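Taking it in order: structure first as structure tokens, then the write-up.
The values are calculated or read from the model by the stated rules, or taken from the named source; none is laboratory data. Fair warning: this is a prediction, and the values are worked out from it, not measured in the lab. FYI the Cβ positions are ideal-geometry reconstructions off the backbone, even for glycines, and counts take in every protein chain you see.
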Amino acid sequence: MFIWFCFAVVLIVIALNDFMFFRIENEYVLFLLLLYVVSCIFGVSGQNFAEAFGITCITFAICFVLNQFNLVGGGDVKLLVPLMLFAENNMFGFIWGTAIGGVVLALIYIFCGKQLALFRKRLFIIFSAMKKKKIRFLRFALLSLYKIRAKSVKLEVSSTDVLKQEVPYGVALSCGGFFVIF
């Protein structure tokens, strides 16, 4: 139960960071991989490791090639690895949850793109103010805020062309991860 709680917290943090900064930090992915190893040691996961590992490797290779053509973000590709390993017995649920999360996310960006950009600006200001208070969990949870400058964060209002907007698919992948838990 504790493993699933940690998994859920990290997924929320990843989704928040990807939504705010369009970044998925390596530390989160490594933490999920470590969490998977721990879950295998305690028998929570790992029953179909060979099958899950094979599917994960094939998916990673395909997504890596897509990343080379700028069709998929690099953070999304690396996040797929631990999520697919965790989804070993529920791969269909993971894919289904990710698809539903992606459709909802795309619709939100289509209909609320400009309002979303303004909301991200407000959140960035709030988190920047909280950064000064040096809350330890905040440092881990908003690792991207500590690694990048405000000028490099994409906080401009989205263009009117919906097809050119960046969409944080780490949020959709996190939705798929929640389908694995439940």
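What to note about this one:
- Ile110 vs. criteria assigned to a helix (DSSP H, G or I), more than 27 Å from Ile3 (Cβ to Cβ) and at pLDDT 85 or above: yes
- Reported count of residues in the range 63-105, each being under 13 Å from Glu166 (Cβ atoms), among the aliphatic types (A, V, I, L, M) and under 15 Å from the mean Cα position of the chain (by Cα), is 2.
- Residue-level analysis places Phe94 among those that are closer than 18 Å to Ala8 by Cα and aromatic (Phe, Trp, Tyr).
- Taken over the range 28-56, the criterion of being in contact (Cβ under 8 Å) with a residue 12 or more places away in the chain, loosely packed, with under 13 Cβ neighbours inside 10 Å and part of a helix (DSSP H, G or I) is satisfied by Glu51 alone.
- For the range 61-99, the candidate set comprises residues that are more than 25 Å from Ser39 (Cβ to Cβ) and touching an Asp or Glu at 6+ places or on another chain (Cβ under 9 Å); within that set, the residue that is modelled with the lowest pLDDT is Gly73.
- Evaluated against (1) hydroxyl-bearing (Ser, Thr, Tyr); (2) part of a helix (DSSP H, G or I); (3) at pLDDT below 90, Ser174 falls short on exactly one condition, (3).
- Evaluating Ile58 against the criteria (1) within 20 Å of Phe179 (Cα to Cα); (2) modelled with pLDDT of 90 or more leaves one unmet condition, (1).
- Cβ-Cβ contacts under 8 Å between residues 6 or more apart (or on different chains), taken from a first residue in the range 66-88 that is without any contact (Cβ under 8 Å) to a residue 24 or more places away in the chain to a second residue that is in a loop (DSSP other than H, G, I, E, B), are listed as Leu66/Val72; Asn67/Gly73.
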